[in-house]
Amino acid sequence: MAIIPAISIREPWASMIASGEKTLEIRTWATGHRGKIILCASKKPCGRYAGQAFALADLVNIRPMTPDDAKKAGGFFIDGAFAWELANIRPFRPFPITGKLGIFKIDTEKRASIKA
């Protein structure tokens, strides 16, 4: 059984990450997790990946967000937020998932589309 941590991301930011346009995920909280993380899109608002897991990425660093991060974060700055640095983003064939707040876990054993 392969259990991989996951996070939910709202659209349009989920699609921007999948396309490589956005490499920083901005959160108001930090985590000690580093390594593989599955990216899921929230059901609302609607978008290309709404309600689906869509990519595997490496969470390589978490640090305080700076104004210079705005472009890599989707065009905005939030004072006091954390920039989650994503690398090696690997989109896969999306599959439906019920997202959750915070970090949650997905069993990837039956998900052939995820190449961990």
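Taken together, the values in this text are just the output of simple stated rules run on the coordinates, not laboratory data. Fair warning: this is a prediction, and the values are worked out from it, not measured in the lab. Every residue, glycine among them, receives a Cβ derived from its backbone with ideal geometry; neighbour counts consider all protein chains shown.
Each row is one residue, and each column tells you yes or no for (1) more than 15 Å from residue 4 (Cβ to Cβ); (2) touching a strand residue (DSSP E or B) at 6+ places or on another chain (Cβ under 8 Å); (3) in a strand (DSSP E or B); (4) of a type in the set (Asp, Glu).
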site	(1), (2), (3), (4)
47	yes, yes, no, no
77	yes, no, no, no
89	no, yes, yes, no
99	no, yes, no, no
114	no, yes, no, no
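So residue 38 passes all but one of these: (1) aliphatic (A, V, I, L, M); (2) more than 12 Å from the chain's Cα centre (by Cα); (3) within 14 Å of residue 6 (Cα to Cα). Which condition number does it fail?
The one condition residue 38 does not meet is (2).
Do we find that residue 27 is basic (Lys, Arg) and out of contact with any Leu (no Cβ under 9 Å at 6 or more places or on another chain) in this structure?
yes
Please identify the pairs in which a residue from the range 10-21 that is under 16 Å from residue 84 (Cβ atoms) has its Cβ atom under 9 Å from the Cβ atom of a residue that is surrounded by 18 or more Cβ atoms within 10 Å (Cβ to Cβ) and of a type in the set (Val, Ile, Thr), counting only partners at least 6 apart or on another chain.
So the pair list comes out as 13/26; 17/9; 17/23.
When the residues of the range 22-36 are narrowed to those that are of a type in the set (Val, Ile, Thr) and free of Cβ contacts under 8 Å to residues at least 60 places away in the same chain, which ends up surrounded by the fewest Cβ atoms within 10 Å (Cβ to Cβ)?
Checked the range 22-36; the qualifying residue surrounded by the fewest Cβ atoms within 10 Å (Cβ to Cβ) is 28.
Looking for whichever is over 17 Å from residue 23 (Cβ atoms) and hydrophobic (A, V, I, L, M, F, W, C) here; the options are 39, 86, 56, 101. Which one fits?
101
So, of the residues in the range 52-73 that are within 17 Å of the chain's Cα centre (by Cα) and in a loop (DSSP other than H, G, I, E, B), which turns out to be surrounded by the most Cβ atoms within 10 Å (Cβ to Cβ)?
Only one residue fits best here, namely 65.
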